[in-house]
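As structure tokens, the structure follows; a few thoughts come after it.
The values are calculated or read from the model by the stated rules, or taken from the named source; none is laboratory data. Not measured: the values here are computed from a predicted model. Cβ atoms come from the backbone with ideal geometry, glycine included; neighbour counts cover every protein chain shown. Only protein heavy atoms, including side chains, enter the accessible area calculation; ligands, DNA and RNA are left aside. Shrake-Rupley method; radii C 1.70, N 1.55, O 1.52, S 1.80 Å.
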Amino acid sequence: MVILRKSYKYRAILNEAGLSPNTINRRLAAIKSLITYGRKLGVCNYAVDVDSIPVQLYRDTSGVTEPEFLSVIRQCDRSFLVGKRDYALLLLLWGNALRRNEISTLDIRHFDTSRGTLSILGKGKQVRVRVNLPKVTVIAITDWLIARGGSQRGLVGSQQRATAHK
């Protein structure tokens, strides 16, 4: 019974410290798991039965609908350099569900025009993975790279004066 009271006290301390319910529940789960493992090894003979804190559900992360996306992508004026870049970027984000960081780490060498692929470094990964791109995305990236010209290594990047170049 002493362990149970200390567990509830620990939960209260974490709660008072302002930690999120998910963090508190994760820490309690770690303690429960350790004690369960200790019981299996025969080094302890008690158990912890502390209720988790109810978790508030995250906001809706379903993203934009196809009509909303089409409405946004139609705003890209591809007669301007920045419009070409934004169009290619939006197609990468939407069509391949790539994260911002996955795109920001791309170099030209990661894009294979002939195969229509992109080698991305996924979240938490150490090795790049090749993903197939829709034909429209390959065309948009190629159009962007040709229009951009120069010797920049990054696949996409800021165009500080892009609106002045047609």
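Some points to look at:
- Within region 107-127, tally of residues that are in a loop (DSSP other than H, G, I, E, B), over 15 Å from the mean Cα position of the chain (by Cα) and either touching a residue at least 60 places away in the same chain (Cβ under 8 Å) or surrounded by 15 or more Cβ atoms within 10 Å (Cβ to Cβ) (or both): 1
- Scanning region 72-91 for residues that are assigned to a helix (DSSP H, G or I) and touching a residue at least 24 places away in the same chain (Cβ under 8 Å), we see that the one that is least open to solvent (accessible area, probe 1.4 Å) is A88.
- Counted residues, region 49-71 - those being assigned to a loop (DSSP other than H, G, I, E, B) and either open to solvent by 60 Å² or more (accessible area, probe 1.4 Å) or more than 30 Å from D86 (Cβ to Cβ) (or both): 16
- When restricted to residues that are of a type in the set (V, I, T) and under 12 Å from S7 (Cα atoms), region 17-34 contains 2.
- Residues in region 128-151 that are open to solvent by 40 Å² or more (accessible area, probe 1.4 Å), closer than 21 Å to Y87 by Cβ and among the basic types (K, R): K135 alone.
- Of the residues in region 92-100, at least one is within 21 Å of E68 (Cα to Cα), polar (S, T, N, Q) and open to solvent by 30 Å² or more (accessible area, probe 1.4 Å).
- Within region 1-48, being open to solvent by 90 Å² or more (accessible area, probe 1.4 Å), in contact with a Leu (Cβ under 9 Å, 6 or more places away or on another chain) and free of Cβ contacts under 8 Å to residues at least 40 places away in the same chain holds for one residue alone: R27.
- Answer residue from region 135-166, given it is at pLDDT 80 or above and part of a loop (DSSP other than H, G, I, E, B) and is farthest from D112 (Cα to Cα) among those: G149
- Any chance I53 is touching a helix residue (DSSP H, G or I) at 6+ places or on another chain (Cβ under 9 Å), at pLDDT 80 or above and of a type in the set (V, I, T): yes
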